[in-house]
Amino acid sequence: MFYMAKARKNIINENLPKQKTEAAASKAVVNNIDFLERSGNKAVLFATGLIALTAFIVLKDYLLFEKVYLFKDIGNDTIQGLYPPNCMNADYLHKYGLPKWSFSAGMGQNIFAGFLFDPFNIFLYIAGKDYLMYGMVYKELAKILLTGFIFFRYLKILNLSNYTALTGSLLLSFCGFIIVGGEWNVFSNEAFEFVLLLLSFELLFTKNKWYLFPLPIFIICISMPFNLYVYGFFIACYAVLRLFHTGTFSAKNVISIFAKMIGLGIIGMLLSGPFLIENIFQLLESPRGSGNTSFTHSLSSAPIFAIADKVLLGTSVMRFFSNDLLGTGKVIFRGWNNFLEAPMFYCGLPCLILMPQVFPFLEKQVRIAFIVFISIWILPVIFPYFRHAFWLFTGDYFRGYSFFIAFVFLYYSLHALELIIQKRKINIVVFVATLSALFVLLNYPFFPDKDAVDHSISIFVSGMIITYGALLFFMGRQGSPAFLKYVFLAAIIFELIHLSDISANERDALTADELSQKGGYNDYSVDAINYIKHTDGSFYRIDKTYGSSPAYYPSLNDGMAQGYYGTSSYNSFNQEYYVKYLQLMGIANKGDEHDSRWAKGLINWPILESENCVKYILTKSRLDPIYDSVCDSVATFGNVKVYRNKLLAPFGFTIGSFIRESIFDSLAFVQKQFVSLVACVVQDKDVPKIHGLKELQLKDTIPPNTLTFDNYRHGIKELSKDALVISKFGETLIAGKIDLKEDKVMYLSVPYDGGWKLKVDGHAEDKMILNAGMTGIYLTKGAHTIEMVYNMRFFKTGLYLCLLGVVLYMGLWFFVKKYRGNNTKLNKPT
């Protein structure tokens with residue numbers, strides 16, 4: 001749509017002579033072009049500078065290092081779920097190179113998958129662990145600037161004016177999904193990927209420029225492959241809308257654009273090969289992906305047309321007006337779920353007024369397409385079943401779906417703004433109805449608590465809606481002064497600064513003063529861990545009875561942040577067999593999605609700690625009496641006491657008896673722990689692999705009332721008799737020797753993973769799953785050398801796919817260049 005061309009055409013006064021008419025039209029056009037339009041391609045730099053200035057005002061306390069962009073409130077995931085893995089990845093990269101297996105993640109896990117969950121983290125990894133905390137905000141600032149810059153370029157391809165593109169890039173850069181989602185360090189990256197995908201699509205669709213399209217696909221694949229489906233669904237719907245919007249809809253054009261996207265998308269996927277396959281298998285093999293603890297059944301069995309409850313609807317409505325109407329991240333959130341999981345629809349108040357204005361300007365067929373498109377995204381807000389279906393029933397989420405709705409509102413609104421400015425026209429009926437509806441929704445009693453809505457923010461929102469309404473009313477009148485649109489822009493900047501300031505700064509963030517104190521991840525645990533490392537060169541794990549995180553909730557990833565091997569882990573995709581081991585032993589509940597992510601580890605279960613190399617216990621209070629006969633006090637550092645486990649089984653111990661998993665699973669909780677001292681737990685199907693070993697039946701198990709400390713001590717003593725003598729131990733290599741007097745099974749305290757390859761006497765041997773999740777191997781009588789090496793199962797295959805992607809991309813590049821060159825020669829006039 002060529003709005004400028006139409007505007008110029010309307011200026012012509014048909015009653016004047018032709019020459020005078022042309023001169024008048026030319027003069028009017030020149031006068032109508034302001035400095036933004038005269039700046040041409042440089043306008044994008046002005047827009048980026050304005051975004052940067054706005055961001056600096058909002059984030060200045062973080063950018064000037066008075067506060068750290070990590071939050072102790074509802075955003076504590078930044079401290080407990082994201083910062084520790086970043087520390088681990090940075091350390092691993094500097095010490096060993098490309099991340100593979102790490103014993104710091106839970107009891108061991110492949111950390112390559114998810115290594116670039118946020119691709120921007122690579123710059124923080126390279127800078128090093130010491131720069132992570134202060135680098136977080138600059139990473140988010142880079143996302144804001146790049147997303148705004150790319151969105152401006154995207155809007156220009158849609159033939160919108162520099163003014164409208166500037167307005168749109170500001171509104172998108174400070175929408176709720178980027179500002180609030182960025183405080184979670186997660187969704188701002190998804191916004192960047194999505195906008196880059198939009199730009200690459202428009203280059204392909206409008207200008208037939210294909211070269212950029214594989215890039216966002218590549219970034220999505222190395223980050224979160226599931227989003228290929230999410231973004232793919234949206235971009236497919238959007239492509240159909242664009243065909244209608246440009247008047248080019250036909251079956252042929254639909255097939256053409258879809259074929260191009262699929263072909264180029266495959267190239268992008270191939271380029272990401274090493275990351276893509278590892279990421280996919282991490283998702284599929286996690287407890288959530290495997291269905292062990294998923295929400296699929298409960299969500300899919302809900303009534304299809306059940307309407308969202310009043311609180312959910314109210315939260316959805318209020319989140320269009322502001323991120324913080326129902327509470328900030330610092331205080332109790334009074335809406336649905338919580339501050340971060342609630343819908344993030346806010347994309348600027350002008351969008352709420354402008355969005356309906358686009359429909360009167362559209363031709364009937366295009367108007368129908370616009371109505372269908374927005375209905376696809378709005379109806380799931382009213383009927384949650386369709387939102388659950390959109391997420392394939394994996395969870396009760398909004399997340400990226402929020403951004404789609406915000407984008408649709410913004411897309412419609414910017415086209416409406418362009419038409420209003422160019423045509424000096426506004427639909428009064430729609431305008432009045434929209435304003436009335438907005439005030440009704442803003443003041444409707446959705447919530448039982450009358451004080452659920454923040455009245456100060458509500459008053460601000462009401463005042464800004466009235467201001468925008470007045471400005472748009474006069475901007476939509478013939479002969480209105482041009483400066484009004486800059487007053488409108490100034491009002492937008494004022495709104496974005498004020499509301500974003502609340503979202504970003506009404507938070508309980510870490511401060512620079514806190515970092516300089518002996519607390520948080522820099523507490524006396526660091527001194528204790530350094531002492532242990534200097535005095536003990538063997539493999540061991542450390543359990544803590546406390547969390548070092550400065551957030552409001554206990555942390556489970558201290559090992560990653562403080563550089564030691566532990567047993568607990570908070571991870572959306574914990575290692576499958578690690579969780580299965582915890583479930584079989586009764587520490588985690590089967591089918592509990594929460595327990596699969598928040599794995600508390602082995603603390604307070606000394607028998608399991610003894611079997612899994614937990615040699616040291618750190619505590620800030622008196623140790624549980626259960627440890628009185630198990631541990632010796634070693635040292636004290638500040639308020640941290642160090643205890644050493646006296647009853648410790650070797651890393652690779654052997655057992656001459658086994659019990660079937662089906663029988664073991666029926667035992668009482670405490671009984672399981674004592675039985676594990678005398679028999680390894682073998683899957684029923686693997687029983688034929690361990691012929692010759694004594695099978696423990698249910699009648700042979702120790703009655704719960706006869707379990708004593710002597711049983712515990714004797715069991716550890718027996719496990720220590722024939723054990724692996726380790727000669728080498730690293731993150732990805734374990735080697736040693738063992739001499740057995742009889743056939744036995746060796747238990748290795750490593751969660752089972754297909755990437756570990758085990759050799760006995762130089763020959764590859766099949767591993768077994770012991771105790772539902774740990775690694776084992778059947779060994780015959782005699783002396784053996786053992787070697788375990790970890791390599792990512794699909795990395796090499798991924799490299800071949802990447803190479804194929806490079807060949808296809810370069811081949812397509814040269815083919816298109818040659819084809820276009822030949823066409824130029826053929827079409828050259830003689």
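The values are calculated or read from the model by the stated rules, or taken from the named source; none is laboratory data. Just so it is clear, the model here is predicted, and its values are computed rather than measured. Positions of Cβ are generated from backbone atoms using ideal geometry, with glycine treated the same way; all protein chains shown enter the neighbour counts. Side chains included, ligands, DNA and RNA excluded: accessible areas come from the protein's heavy atoms. Shrake-Rupley method; radii C 1.70, N 1.55, O 1.52, S 1.80 Å.
Of all the criteria given as (1) open to solvent by 80 Å² or more (accessible area, probe 1.4 Å); (2) in a loop (DSSP other than H, G, I, E, B), the one not satisfied by residue 466 is (2).
Within segment 717-738, residues that are among the charged types (D, E, K, R) reach partners that are assigned to a helix (DSSP H, G or I) with beta carbons closer than 9 Å, at six or more positions or on different chains, in the pairs 731/92; 731/95.
Is it the case that segment 410-418 has a residue that's free of Cβ contacts under 8 Å to residues at least 40 places away in the same chain, more than 23 Å from the chain's Cα centre (by Cα) and assigned to a helix (DSSP H, G or I)? Taking every residue of segment 410-418 in turn, at least one turns out to be free of Cβ contacts under 8 Å to residues at least 40 places away in the same chain, more than 23 Å from the chain's Cα centre (by Cα) and assigned to a helix (DSSP H, G or I).
Against the condition touching a helix residue (DSSP H, G or I) at 6+ places or on another chain (Cβ under 8 Å), open to solvent by less than 10 Å² (accessible area, probe 1.4 Å) and more than 30 Å from residue 725 (Cβ to Cβ), how does residue 630 come out, does it pass?
Details: touching a helix residue (DSSP H, G or I) at 6+ places or on another chain (Cβ under 8 Å): yes; open to solvent by less than 10 Å² (accessible area, probe 1.4 Å): yes; more than 30 Å from residue 725 (Cβ to Cβ): no.
In short, no.
Within segment 319-367, can you find the residues that are open to solvent by less than 10 Å² (accessible area, probe 1.4 Å), assigned to a loop (DSSP other than H, G, I, E, B) and more than 21 Å from residue 508 (Cβ to Cβ)? If the condition is that a residue be open to solvent by less than 10 Å² (accessible area, probe 1.4 Å), assigned to a loop (DSSP other than H, G, I, E, B) and more than 21 Å from residue 508 (Cβ to Cβ), then 343, 345, 346, 347, 348 are the ones that fit. Taking only pairs six or more apart or across chains, which ones have beta-carbon atoms under 6 Å, a first residue in segment 485-498 that is modelled with pLDDT of 95 or more, and a second residue that is outside any helix (DSSP H, G or I) and crowded, with 16+ Cβ neighbours inside 10 Å? Here the result reads 496/174, each pair linking segment 485-498 to a residue that is outside any helix (DSSP H, G or I) and crowded, with 16+ Cβ neighbours inside 10 Å.
Residues in segment 577-599 that are within 14 Å of residue 772 (Cβ to Cβ), in a helix (DSSP H, G or I) and of a type in the set (Lys, Arg): 580 alone. Within segment 512-539, the set of residues being more than 15 Å from residue 560 (Cα to Cα) and outside any helix (DSSP H, G or I) comprises 516, 517, 518, 519, 524, 536, 537, 538, 539. Scanning segment 777-802 for residues that are within 12 Å of residue 760 (Cα to Cα) and not hydrophobic (A, V, I, L, M, F, W, C) yields 778, 780, 782, 784, 785, 787. In summary, helices (runs of 4 or more DSSP H) completely within segment 169-276 and bearing 2 or more residues that are open to solvent by 10 Å² or more (accessible area, probe 1.4 Å) and under 19 Å from residue 810 (Cα atoms) occur at 214-223, 251-271. Remark: residue 235 falls outside the filter, which requires a residue to be in contact with a Ser or Thr (Cβ under 8 Å, 6 or more places away or on another chain) and β-branched (Val, Ile, Thr).
Being touching a residue at least 40 places away in the same chain (Cβ under 8 Å) and of a type in the set (A, V, I, L, M) is the filter here, so list the residues in segment 88-114 that pass it.
Within segment 88-114, the subset touching a residue at least 40 places away in the same chain (Cβ under 8 Å) is 88, 90-92, 96, 100-110, 112-114.
Within segment 88-114, 88, 90, 105, 107, 113 meet the criteria.
Of the candidates 484, 496, 471, the single residue that is open to solvent by less than 70 Å² (accessible area, probe 1.4 Å) and within 30 Å of residue 79 (Cβ to Cβ) is 496. Checked against the criterion of being open to solvent by less than 60 Å² (accessible area, probe 1.4 Å), of a type outside the set (A, V, I, L, M, F, W, C) and under 29 Å from residue 175 (Cα atoms), the candidates 300, 316, 286 yield just one match: 316. Among the residues of this structure, residue 372 does not count as one that is open to solvent by less than 10 Å² (accessible area, probe 1.4 Å), in a helix (DSSP H, G or I) and either of a type outside the set (A, V, I, L, M, F, W, C) or more than 30 Å from residue 594 (Cα to Cα) (or both). The residues on offer are 557, 574, and the sole one that is open to solvent by less than 20 Å² (accessible area, probe 1.4 Å) and modelled with pLDDT under 95 is 574. In segment 434-442, is there at least one residue being in contact (Cβ under 8 Å) with a residue 24 or more places away in the chain, open to solvent by less than 40 Å² (accessible area, probe 1.4 Å), touching a helix residue (DSSP H, G or I) at 6+ places or on another chain (Cβ under 7 Å) and not in a helix (DSSP H, G or I)? No: segment 434-442 contains no residue that is in contact (Cβ under 8 Å) with a residue 24 or more places away in the chain, open to solvent by less than 40 Å² (accessible area, probe 1.4 Å), touching a helix residue (DSSP H, G or I) at 6+ places or on another chain (Cβ under 7 Å) and not in a helix (DSSP H, G or I).
Residue by residue, here is whether (1) open to solvent by 20 Å² or more (accessible area, probe 1.4 Å); (2) touching a residue at least 12 places away in the same chain (Cβ under 8 Å) holds:
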| site | (1), (2) |
| --- | --- |
| 37 | yes, yes |
| 52 | yes, yes |
| 56 | yes, no |
| 86 | no, yes |
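Regarding segment 393-409, can at least one residue be identified that is of a type in the set (Ser, Thr, Tyr) and open to solvent by less than 10 Å² (accessible area, probe 1.4 Å)?
Filtering segment 393-409 for residues of a type in the set (Ser, Thr, Tyr) gives 394, 397, 401-402.
So of that shortlist, the ones also open to solvent by less than 10 Å² (accessible area, probe 1.4 Å) come out as 401-402.
Within segment 393-409, one or more residues are of a type in the set (Ser, Thr, Tyr) and open to solvent by less than 10 Å² (accessible area, probe 1.4 Å).
If the condition is being out of contact with any Asp or Glu (no Cβ under 8 Å at 6 or more places or on another chain), closer than 15 Å to residue 606 by Cβ and in contact (Cβ under 8 Å) with a residue 24 or more places away in the chain, then segment 632-670 contributes 647, 648, 669, 670. Any residue at all in segment 745-766 that's over 41 Å from the mean Cα position of the chain (by Cα), of a type in the set (A, V, I, L, M) and surrounded by 15 or more Cβ atoms within 10 Å (Cβ to Cβ)? No, that holds for no residue.
Within segment 157-167, can you find the residues that are closer than 18 Å to residue 200 by Cα and buried (at least 24 other Cβ atoms within 10 Å of the Cβ)? Before you say what the answer is, go through the steps one by one.
Keep residues of segment 157-167 that are closer than 18 Å to residue 200 by Cα, which gives 157-160, 165.
If the condition is that a residue be closer than 18 Å to residue 200 by Cα and buried (at least 24 other Cβ atoms within 10 Å of the Cβ), then 165 is the only one that fits.
Collect the residues in segment 444-483 that are of a type in the set (Ser, Thr, Tyr) and out of contact with any Lys or Arg (no Cβ under 8 Å at 6 or more places or on another chain), keeping them in residue-number order. Within segment 444-483, 444, 456, 458, 462, 467, 468 qualify.
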